[in-house]
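A quick write-up on the structure given underneath.
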Amino acid sequence: MNKKRAMLLALAVVVAPAPGQSESDRPFQTHPPVSVYVTAGKITGVSEPDINTYSYETDIVWWIDNPDYEFPDKNLADGIIIGDMNGKPTNHHDCFRAPNEHRWYQCRKMDGGFTPGNNYKYTVNVVDTQTKQLVNPPLDPFIHNR
C-alpha cells in the first residue's frame, strides 16, 4: 500500500452508528480528507468545495495531490485560514501543517466549531516546493456545520 493511501486510511476513520444510534451518537472522528488540486502554479480546486461537517467530526484534513507543492511554513503564511462568512478569521479551529508531511494540513474544531448551522469561509494557501513562493491567488471555499 502506498504512503498516501495508508495515511488516508489512518486519518479517514469512518465509524457507522450502531443499530439504534443516531448520527449524533457516533464516536468523534476525522472528516474524510479533502484533496487540494494544484496544476501549473495555480490552485485549481478542492475535492469538496463545500465541506459539510457534523458534530461528531472533530477534525478536517487537507491533502495536496501534487508533490511539487506543499502547505507553507507558518512563518510565511497559514496553509488553511478559517474565518466567518466575510473571511474574518475566527478562533473556532486550531490549524497546523503536519510536521513530517508538508502536503497535509489539519484543523481541529474548538469552541464554537461544533455548533450546527455555523458556516465558514476558508482560504487555502500553498507554496511551490522549488521556489518556496506562495501560489497566487489562494482558493476560498466553504465549510458548513450540519
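The values are calculated or read from the model by the stated rules, or taken from the named source; none is laboratory data. This is a predicted model, so every value here is computed, not measured. Virtual Cβ from ideal backbone geometry, glycine too; neighbours counted across all protein chains shown. Protein only, heavy atoms only, side chains kept; ligands, DNA and RNA dropped before computing areas. Shrake-Rupley method; radii C 1.70, N 1.55, O 1.52, S 1.80 Å.
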Residues of the stretch 101-133 being under 14 Å from I64 (Cα atoms), part of a loop (DSSP other than H, G, I, E, B) and over 12 Å from the mean Cα position of the chain (by Cα), in sequence order, are E101, H102, V126, T129
Subset of the stretch 60-95 [among the hydrophobic types (A, V, I, L, M, F, W, C) and open to solvent by 70 Å² or more (accessible area, probe 1.4 Å)] | L76, M85
Of all residues in the stretch 124-146, which are farther than 11 Å from G41 by Cα, of a type in the set (A, V, I, L, M, F, W, C) and crowded, with 17+ Cβ neighbours inside 10 Å?
-> V124, L139, I143
For G45, the lone unmet condition from (1) more than 27 Å from T115 (Cβ to Cβ); (2) not in a strand (DSSP E or B) is (2)
A77 passes all but one of (1) out of contact with any Gly (no Cβ under 9 Å at 6 or more places or on another chain); (2) among the hydrophobic types (A, V, I, L, M, F, W, C); (3) not in a loop (DSSP other than H, G, I, E, B); which number fails?
-> (3)
Select from the stretch 78-110 the residues that are basic (K, R) and under 14 Å from V126 (Cβ atoms) and list them in ascending order.
-> R97, R103
Search the stretch 115-131 for residues that are farther than 25 Å from P72 by Cα and pair each with any residue that is among the basic types (K, R) and surrounded by fewer than 20 Cβ atoms within 10 Å (Cβ to Cβ) when their beta-carbon atoms are under 7 Å apart and the residues are at least 6 apart or on different chains.
-> P116/R146
